[in-house]
């Protein structure tokens, strides 16, 4: 067995600070969004790519990949949003095995109402504390980390890459 490369004090501090900042930033954004717009972060995460896609519709698999979610999580969230009238599921016209998710007028109205405050929160909690140079540096560092990670196989069903829920 290979020797464990334990984190030194600096690495442990950087890692814990990253984890704390990530957790607290997401919690602050979620709390503000829920209080001001009635949408959850999960609602917003799915409504955003749908609202910016052509015709407001995406294949279920593509939607899951865009947010980095596993099939089960996506399916449960879409079901919750369907019950609230934010999205609808449709059959995929080009593939009977696939399905599509379409944003409804109520879903579009909800994200349009929530977006200004969400963007303001992202700016005030994150970007207002970083210079342009720091933003560029952070983006470069995070890109490097992302490139080093193993690729996840998202929204697949039983090994069939082209079938979606």
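The values are calculated or read from the model by the stated rules, or taken from the named source; none is laboratory data. Quick caveat: nothing in here was measured; it's all calculated off a predicted structure. Glycine gets a Cβ as well: all are built from the backbone with ideal geometry, and neighbour counts include every protein chain shown.
Residue check: is residue 97 buried (at least 18 other Cβ atoms within 10 Å of the Cβ) and modelled with pLDDT under 95?
Spelling it out, it is not the case that residue 97 is buried (at least 18 other Cβ atoms within 10 Å of the Cβ) and modelled with pLDDT under 95.
If only one of 96, 42, 12 is within 20 Å of residue 118 (Cα to Cα) and without any contact (Cβ under 8 Å) to a residue 40 or more places away in the chain, which one is it?
42
Kindly indicate whether any position in the stretch 81-90 is in contact with a helix residue (DSSP H, G or I) (Cβ under 8 Å, 6 or more places away or on another chain) and at pLDDT below 95.
There is no residue in the stretch 81-90 that is in contact with a helix residue (DSSP H, G or I) (Cβ under 8 Å, 6 or more places away or on another chain) and at pLDDT below 95.
Could you grab me the full set of residues in the stretch 53-105 that are closer than 23 Å to residue 152 by Cβ, more than 17 Å from the chain's Cα centre (by Cα) and assigned to a strand (DSSP E or B)?
99, 100
Given the residues 37, 56, 64, which is the only one that is touching a residue at least 12 places away in the same chain (Cβ under 8 Å) and within 22 Å of residue 126 (Cα to Cα)?
37
Could you run through the stretch 130-161 and say how many residues are exposed (fewer than 12 other Cβ atoms within 10 Å of the Cβ) and either within 21 Å of the chain's Cα centre (by Cα) or at pLDDT 55 or above (or both)?
21
Filter the stretch 116-139 for residues that are within 22 Å of residue 51 (Cα to Cα) and free of Cβ contacts under 8 Å to residues at least 40 places away in the same chain and give the result.
Hits for the stretch 116-139 are 116, 119, 120, 123.
Going by the conditions given, is residue 19 assigned to a helix (DSSP H, G or I), under 20 Å from residue 152 (Cβ atoms), over 16 Å from the mean Cα position of the chain (by Cα) and at pLDDT 95 or above?
It is true that residue 19 is assigned to a helix (DSSP H, G or I), under 20 Å from residue 152 (Cβ atoms), over 16 Å from the mean Cα position of the chain (by Cα) and at pLDDT 95 or above.
Answer with yes or no whether residue 32 is closer than 25 Å to residue 142 by Cβ and modelled with pLDDT of 95 or more.
The answer is no for residue 32.
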